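First the structure, in the form of C-alpha cells, and then the observations on it.
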Amino acid sequence: MACCPPPLSFVRKVLTTPSIPSILGLALAVTLLSFSPVSSASSLTLAWQPVTGDSRIAGYEIHIGRASGQYEWVLDADQEGAATDTVELEGAEPGVTYYLTARSRNHDRTQFSAFSKEIIISLDGPPIESGELLVDDAWQWVSFQTAFTDPIVVATAPSESGADPLVVRITGIEPDGFWIRLQEWDYLDGRHAFESVGFIAMERGRHRLQNGAQVEAGRLVTDATKTQVQAGFSQTFASAPIVMAAVTSDQGTEAVTTEIRSVGRSGFSVGMIEQEASDQQHLAEHIDYIAWEASSGSIKGMRYEVGQTPTEVTNRPYEIVFSTVFEEAPLLLAHLQTANGGDPATLRWQTKSEKFASLRVVEEQSLDAETVHIAETAGYILIGP
C-alpha cells in the first residue's frame, strides 16, 4: 500500500542574474527551464528563470507529484530571495516519473504568481515503448503495454516489400494506444500489402537519460503544406538533435507526410507535403515529434543508437553501419533531416540486420515518372533488446 511521497528535499540554492513575468497578485511568474542529474543517481538539479522587478517576491515554491497536475508535496526555495534560481533535489526514485511546476510568492505567502509550465522528469528515462508492426492500408489499433499519461507517437520509414510509394498515417492517440495504417499517394489505387513499420511512443515532455542525452517529445498543430512553420524546443540542446516527425491525426483525406528542415539546437522547421499533383491545401493536422541527441546507450533495458548520415542519401540504397552491437536486427526509424529535393518523398528501408540497414528516398509519381532524388541527410533511431 502506498504510504507517502518519496523523500525529495532541496539541499542547495544558487544565485544568478534575474529576469521574467506573472499574474494573480504578483507581477511576475516563474518559468522552469531545465533539469539534470547531479552527483548521485537519485539527485536532480532543477533550474528556473528568477523574477525581477517586483519587490514583493521573496521566494519560490516547487510543486512535485507523480501524476500530471496532482502535486503531492511542495519544496520552498528562498535562500537568495527573488534571485534564487536553482535547487538540488535528493531522494528521487529511479523508474518513477515526476511532474513539477513552480511559482513565485511573497514573504508571508499570501500572494502567488501563476504556475509555470509543468515539466516531466525521470531518473532512468521517460516512459517509452517501441515496436515493429506489420501494417497494410487498413486501420489497425495498437495497444500500449506501458502506462502513459500523454503519449507522443512517431512511426516512419516502412519496409519496401511493395513497390508503390506511400505514407504512414496515425490517428486517435490515447493513453492506452493508437490507430495506424499505410496510405498510398492519391494517384494510386490505395491497396497495399503488409509492410514492417517501426514506432516509438514516449511521454510528452523533456527528458534526460542516464547517460546525459536529452530527448524532447512534443506536438504541434498546423495546416502548413508545402511550406514550413517553426517548432521551438522547450530547452536548448547542447547540439542539434535528430528529429522524427509524423502526422498523427486524420482531418484531411489526402495522403500527406511531414517534411523537416533547418534542425538546430533550439528548434526546427516542419510542414506537411501532399503529392506533387495536389493543390497543397491540407486541413490542419497534429504533428508529433521526438527530438533526440545523437548518442548511444540504454533506455528501459533496451540498447539504442541515434545518429545521422552524411548528405548522401538518394533514391539509391544507402547503407548505415551500426556503431552499437545488437543481438538481432533492431527497430529502425528514419526521417530526412533536409528537404534539398523539392519533390514529395519518404524514406523506406530495404534490408536490415543486427549490423547494418539500407534505406533510400522514394518519390511519388503523380506529376511525372521521374524518381531521381538529390542527396539528403537522414536521421535514424535504432532500438534493440
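Computed from the coordinates by the stated procedures, all read-outs in this text should not be read as laboratory data. In this text, all values refer to a predicted model and were calculated from it rather than measured experimentally. Positions of Cβ are backbone-derived with ideal geometry, glycine not excepted, and every protein chain shown enters the neighbour counts.
Below, the figures for the structure above:
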{"item": "Positive-end residue of Val197, Ser143, Asn211, charge dipole of the chain with Cβ unit charges", "result": "Asn211"}
{"item": "Sites Trp141 and Glu88 - FRET efficiency at Förster radius 56 Å, r taken between beta-carbons, to 0.05", "result": "0.80"}
{"item": "Amide proton proximity set for Trp73, modelled H, under 5 Å, gap of 5+", "result": "Ile64"}
{"item": "Prolate/oblate/rounded label for the stretch 245-294 (Cα gyration tensor, a/c 1.5)", "result": "prolate"}
{"item": "Interchain or long-range residues, amide H under 5 Å from Gly271's placed H", "result": "Val229, Glu259"}
{"item": "Cα pair count fraction exceeding 24 Å, expressed as % - the stretch 128-384", "result": "42 percent"}
{"item": "D (Stokes-Einstein, µm²/s), Kirkwood Cα radius, the stretch 310-385, 1.306 mPa s at 10 °C", "result": "122 µm²/s"}
{"item": "Lys pairs under 30 Å by Cα in the chain, provided they are eight or more residues apart or on distinct chains", "result": "4"}
{"item": "Charge sum, other residues only, whose C-beta stays under 9 Å from Trp349's C-beta, Lys/Arg counted +1 and Asp/Glu -1", "result": "+2"}
{"item": "Taking the C-alpha atoms of the stretch 207-352, convex hull volume expressed per residue in Å³", "result": "127 Å³"}
{"item": "Rotationally averaged projected area of the stretch 214-257 (alpha carbon convex hull; nm²)", "result": "3.8 nm²"}
{"item": "Alpha-carbon centroid distance for the pair the stretch 171-220 / the stretch 229-285, whole angstrom", "result": "13 Å"}
{"item": "Integer Hz, Karplus 6.51/-1.76/1.60 couplings in order for the stretch 188-200, x for Gly and Pro", "result": "9, 7, x, 8, 9, 6, 5, 10, 8, 10, x, 9, 10"}
{"item": "Cα centre as origin, Lys/Arg/Asp/Glu Cβ charges: the chain dipole, Debye", "result": "1480 debye"}
{"item": "Zero-based 5 Å bins, Cα pair distances in the stretch 49-167, whole percents", "result": "2, 8, 16, 15, 12, 10, 8, 8, 6, 5, 5, 3, 1, 0"}
{"item": "Tail fraction, Cα-Cα pairs, the stretch 83-134, threshold 14 Å, whole percent", "result": "69 percent"}
{"item": "Unit charges at the beta carbon, dipole of the chain: most positive-side option, Phe356, Leu75, Leu333", "result": "Leu75"}
